[in-house]
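Before any comments, here is the structure.
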Amino acid sequence: MKNSTRHYLSIAILLASITAFLGACAPSPSESSSKTSGEESGRKITICLIPKKKGLPYFTSCAAGAQEAAKDLGNVELIYDGPTDGSPDKQASMIEQYTLKGVDVIAVSPNDPDVVAPAMRKARAKGVHVIAWDADAVKDARAFFVNQASAKAIAHGMVDTMANDLGNPSVKTEVAIVTAYLTAANQNIWIEHMKTHMASEHPNLSLVAIKPSDEDQKLAFKVTQDIMKAYPEIKGFFGISSVSFPGAAEAVRQAKKTGQIMVTGLATPNSMKSYVKDGTVKSVVLWNTAELGYLTVQVAEALATGKLTDGASSFDAGKLGEKKIEDDHVLLGDILVFNKDNIDAYDF
Amino acid sequence: MKQRIHHILWQPETFLALLVASLFGLMGQLDPAFIQWHVQRELSTHAWELAIIAIPMTLVILTGGIDLSVGAIMSLTAITLGMLFQSGCPLPLACLAALLAGILCGALNGWFITRMQVHPLIITLATMAAYRGVAEGISRARPVSGFPSSFAWLGQGLWLGIPVAGWLFLGLLVVMLWMMHARSFGTHVYAIGLNSTATRFSGIRVDRMLLAIYTFSGGVSALAAILLVARRNTAKADMGMGMELGVITAVVIGGVSIFGGRGSLLGTCLGILLIHETREFVSWHWNRDELNLLALGALLILSVVFQKLLRHKRATP
């Protein structure tokens with residue numbers, strides 16, 4: 001008993017002495033580190049790239065392109081970090097933290113534009129350049145939005161692809177949408193454009209349901225099953241996020257409806273390869289995600305060095321060439337459609 | 001005298017204080033910029049809601065209960081506030097209604113626990129789902145935004161150099177410390193946690209106290225929701241998601257026994273500090289959100305194991 005008392009006491013003393021030691025040392029590294037950063041701060045630009053949710057293959061492929069841009073530019077230090085649980089509140093906290101750390105540019109793909117807007121405005125007020133990428137933010141909370149493809153192009157692309165995959169049906173055909181969150185700004189704009197495009201160009205497609213997957217593949221799987229039960233005549237599913245698309249495709253495959261029910265939507269090619277091979281999915285709509293990450297870092301660097309200013313109408317994005325800027329949107333370009341002929345050429 | 005020093009040394013709070021101190025030392029060593037006052041003050045805004053709810057949660061756990069519905073109550077009251085504001089109700093009135101809604105939610109929990117004799121774990125698990133379900137249902141997951149900037153002051157502003165939410169926490173803490181130490185209330189709380197039947201037979205109105213504590217927990221959750229809405233300028237049904245886990249972790253790290261009857265508000269405060277600093281520092285220093293869960297898990301294990309050893313020591317002097 002006495003022994004263990006001494007044992008604990010020694011741990012306590014050890015802890016206390018470590019504390020005292022560290023406390024005494026603390027001021028000195030602060031001096032040296034501020035000195036070195038002062039010398040280096042000449043040209044190094046710190047860019048912080050925040051995805052909606054860290055760990056999703058879609059965002060990881062964007063980050064790969066962003067890393068490449070950082071390497072090409074040479075003067076960029078890139079931080080890629082985001083909430084692993086996809087929480088908008090966490091995202092806002094991260095923006096606040098990076099603002100305090102004094103990074104030069106924060107590029108964020110907001111999960112919920114309203115929740116992160118105060119944090120983004122605060123960052124701008126403290127002199128940090130803030131841009132949105134992948135999904136737009138509240139307009140006055142960011143300088144530019146790096147837009148992968150206009151909402152119209154994406155929505156029309158998906159509807160046209162669906163009509164084409166179904167063989168341009170001549171009778172009423174039921175289709176449904178499995179979206180991300182009901183509050184996701186991107187998806188909601190696409191859905192609006194999809195509705196108007198269906199009404200004007202493909203009146204035979206009738207939209208019977210829109211269900212959220214909450215960026216959870218299991219839930220996407222489940223709601224697709226529910227829709228198939230509720231609408232036995234359904235012929236097509238749009239999975240309009242990188243999580244809901246494979247979930248919907250899996251549900252159709254397990255229901256043994258491959259070939260009878262078409263699934264299309266937005267996802268990274270790797271996650272859809274097996275479905276494209278077995279015919280559950282004929283086409284996958286997306287944009288070049290690596291180029292999106294690349295362009296975002298290019299825009300961020302140009303903004304920090306003063307090469308890009310408000311009101312510019314075009315932007316030279318290095319190896320990507322000249323990109324148009326419309327209404328504060330830096331446009332990456334067109335959509336990319338993967339099918340069984342070209343999907344093996346892409347690996348992300 | 002010697003015995004007294006021994007007694008203080010073997011308190012879990014002493015161990016926690018040492019842990020906090022060494023953590024600050026380590027952080028100062030690795031990243032001096034992190035421990036600057038203005039950085040700490042700004043980062044503290046991420047923790048006040050959790051800290052405020054941890055106070056009633058400490059009482060709840062001291063009585064041997066648990067309240068899993070705090071996050072869901074935040075969600076429901078945030079939506080109450082948001083939807084009333086949207087329909088043109090004056091903001092102070094909407095806040096009052098939100099507080100009232102929180103108190104009602106808490107009272108309902110308390111009613112089930114005392115009158116229906118349902119175990120707190122089960123009933124608050126049920127109301128956690130129910131309250132959040134109602135919030136999602138009435139808001140249809142639509143966020144409410146556009147609160148006036150005067151409201152934002154509540155969640156983002158400073159008063160005498162300290163965040164407003166921090167003052168609220170301190171005020172609440174002081175009142176509760178007084179209740180726990182200067183009034184018989186404190187003794188009764190511990191008594192219920194140690195042996196509620198014996199306490200009941202000693203003539204203490206256990207049911208009335210439990211009802212009050214769970215109601216208090218609901219009201220404070222509503223207060224936290226108001227602060228969160230003010231801070232993020234948005235009211236949404238997914239607010240406070242996972243809050244119950246963060247709060248319970250802080251209380252348990254703070255040395256409050258999950259079986260009731262042991263622990264203190266001081267310990268809870270240290271637990272909050274540990275959890276908050278670890279969380280912020282890990283993402284500050286390593287820029288990796290995924291490390292956060294790992295660090296929190298390690299912290300929880302470390303603190304629980306040490307406290308177990310300490311308790312064993314104290315039991316056999």
- Item | Qualifying lysines (Cα of each under 22 Å from Cα of A:K307; at least 8 residues distant if same chain) | A:K44, A:K71, A:K126, A:K139, A:K319, A:K323, A:K324
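Going by the alpha-carbon gyration tensor, a ≥ b ≥ c the square roots of its eigenvalues, is the stretch A:99-193 rounded (a/c under 1.5) or, if a/c is not under 1.5, prolate (a/b greater than b/c) versus oblate? Display every interim value, and only then the final one.
Numbers: a/c = 4.28, a/b = 2.95, b/c = 1.45.
It is prolate, given that a/c is not under 1.5 and a/b is the larger ratio.
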- The Cα extents of the protein assembly as shown along the principal axes, largest first and rounded to whole Å, are 89, 66, 52
- Message: Can you compute the modelled spin-label distance between B:Q3 and B:A212, with each label point 7 Å from Cα toward Cβ, in nm?
- Response: 3.4
- Before anything else, pin down the relative contact order of the stretch A:151-286: Cα pairs under 8 Å, at least 6 apart, normalised by residue count, whole percent. 27
- Item | Peptide B:139-146, shielding by other chains (average Cβ, 10 Å cutoff) | 3
- Query: Quick one: if you stick a label point 7 Å off each Cα along the C-beta vector at A:K222 and B:Q11, how many nm between them?
  - Reply: 4.7
- Message: Counting only helical runs of four or more DSSP H residues, what would the 222 nm mean residue ellipticity of chain B come to if each run contributes -39,500 (n - 2.57) and the total is spread over all its residues?
- Response: -25500 deg cm²/dmol
- Could you name the lysines in cross-link range of A:K53, using Cα to Cα under 16 Å and dropping any fewer than eight places away on the same chain? A:K90
- Query: Going through the stretch A:207-281, which trypsin sites (Lys or Arg not before Pro) have at most 10 other Cβ atoms within 10 Å and a DSSP loop state?
  - Reply: A:K256
- Query: Just the accessible area for B:M116, please: 1.4 Å probe, Å², rounded to the nearest 10?
  - Reply: 100
- Query: Accessible area lost on pairing B with A, both sides, 1.4 Å probe, Å² to nearest 100?
  - Reply: 3500
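What does the convex hull of the Cα atoms come to per residue for the stretch B:66-145, in Å³?
Values: hull volume 6.2 nm³, N = 80.
Measuring per residue, one finds 78 Å³ for the Cα hull of the stretch B:66-145.
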- Residue-level accessible surface for B:S150, protein heavy atoms, 1.4 Å, Å²: 90
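Rounded to the nearest 5, what % of DSSP beta bridges with both residues in the protein assembly as shown are antiparallel? Write out the running numbers ahead of the final one.
Working: 12 of 47 bridges.
Counting only bridges with both partners in the protein assembly as shown, antiparallel ones make up about 25 percent.
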- Note on the structure: For the stretch B:14-63 the residues that are at least 40 Å² less accessible with all protein chains than alone, 1.4 Å probe, are B:L18, B:S22, B:Q29, B:P32, B:E42, B:H46
- Amide hydrogen neighbours beyond the local backbone of A:A209, cut-off 5 Å, H modeled: A:I177
- Would you mind computing, in nm to one decimal, how far apart the modelled labels at A:D327 and B:S202 are, each placed 7 Å from Cα along Cα→Cβ? 7.1
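Compute the relative contact order of chain B as a whole-number percentage, counting only Cα pairs closer than 8 Å that sit 6 or more residues apart in sequence.
Details: 470 pairs, mean separation 104.5, N = 317.
Averaging sequence separation for qualifying contacts and normalising by length gives 33 percent for chain B.
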- Once amide H atoms are built 1.01 Å from N in the peptide plane, which residues 5 or more positions from A:W133, or in another chain, come under 5 Å H to H? A:V108, A:S109, A:V146
- Task: Run a plain Debye calculation on the stretch B:46-240 (Cα atoms as equal point scatterers, no solvent) and give log10 I(q)/I(0) at q = 0.08, 0.14, 0.17 Å⁻¹, rounded to two decimals, same order as the q list.
- Result: -0.27, -0.78, -1.06
- For chain B, the longest stretch holding no trypsin sites (Lys or Arg not before Pro) located in a DSSP loop with at most 13 other Cβ atoms within 10 Å is which? B:1-139
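Roughly how many Å² is the accessible area per residue of the stretch B:46-240, as a whole number, for a 1.4 Å probe? Kindly include the intermediate steps, with their values, before the conclusion.
On the way: 7980 Å² over 195 residues.
Per residue, the stretch B:46-240 has 41 Å² of solvent-accessible surface.
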- Averaged across the residues of A:48-56, what count of C-beta atoms belonging to other chains lies within 10 Å of each residue's C-beta? 1
- Message: Could you work out the relative contact order of the stretch A:127-192? I mean the mean sequence separation of Cα pairs under 8 Å and 6+ apart, divided by the number of residues, in percent.
- Response: 29
- Task: Report, in deg cm²/dmol and to the nearest 500, the calculated mean residue ellipticity at 222 nm for chain A, where each DSSP H run with n ≥ 4 adds -39500 (n - 2.57) and the sum is divided by the residue count.
- Result: -15500 deg cm²/dmol
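I'd like the mean, over residues of A:81-90, of how many other protein chain beta carbons sit within 10 Å of each residue's own Cβ. Before the final figure, lay out the partial values.
Working: counts 6, 1, 4, 6, 5, 0, 4, 6, 12, 5.
Counting Cβ atoms of other protein chains within 10 Å of each residue's Cβ and averaging gives 5.
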- Task: Count the net charge of all other residues whose Cβ sits under 15 Å from the Cβ of A:F348, scoring Lys and Arg as +1 and Asp and Glu as -1.
- Result: -4
- Message: What is the sum of charges, Lys and Arg at +1 and Asp and Glu at -1, for the other residues whose Cβ falls under 9 Å from the Cβ of A:T46?
- Response: 0
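Rounded if a/c is under 1.5, else prolate if a/b is larger than b/c, else oblate: which is the stretch B:18-108, with a ≥ b ≥ c the root eigenvalues of its Cα gyration tensor?
Numbers: a/c = 4.18, a/b = 1.66, b/c = 2.52.
Note, shape of the stretch B:18-108 comes out oblate.
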- Note on the structure: Phi-derived 3J(HN,Hα) across the stretch A:243-256 with the Karplus relation (6.51, -1.76, 1.60, θ = phi - 60°), rounded Hz, x for Gly and Pro, is 9, 6, 5, x, x, 5, 4, 5, 5, 5, 5, 5, 7, 6
- Item | Unit charges on C-beta of K, R, D, E only; dipole of the stretch A:151-286, Debye | 320
- Item | Percent accessible area from carbon and sulfur atoms, the protein assembly as shown, protein chains only, probe 1.4 Å | 62
- Query: Check A:I45: other-chain or 5+ apart residues with amide H under 5 Å from its amide H, H built from backbone geometry?
  - Reply: A:V76, A:E77
- A:A64 label point, 7 Å along Cα→Cβ, cut-off 13 Å on backbone N: hits in the stretch A:288-310? A:288-294
- Could you go through the stretch A:199-204 in sequence order and give the Karplus-derived ³J(HN,Hα) for each residue, using 6.51 cos²θ - 1.76 cosθ + 1.60 with θ = phi - 60°, rounded to whole Hz, and x for Gly and Pro? 5, 8, 9, 10, x, 7
- Query: Classify the stretch B:211-317: rounded, prolate or oblate, from the alpha-carbon gyration tensor (a ≥ b ≥ c, eigenvalue square roots; a/c under 1.5 rounded; otherwise prolate if a/b is larger than b/c)?
  - Reply: oblate
- Query: If you plug each phi of the stretch B:296-306 into the Karplus form 6.51 cos²θ - 1.76 cosθ + 1.60 with θ = phi - 60°, what whole-Hz ³J(HN,Hα) values come out, in order, with x for Gly and Pro?
  - Reply: 5, x, 4, 4, 5, 4, 3, 5, 5, 5, 4
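The values are calculated or read from the model by the stated rules, or taken from the named source; none is laboratory data. For clarity, every value in this text was computed on a predicted model and none was experimentally measured. Cβ atoms come from the backbone with ideal geometry, glycine included; neighbour counts cover every protein chain shown. These area figures cover heavy atoms from the full protein model, side chains too; ligands, DNA and RNA do not enter into them. Shrake-Rupley method; radii C 1.70, N 1.55, O 1.52, S 1.80 Å.
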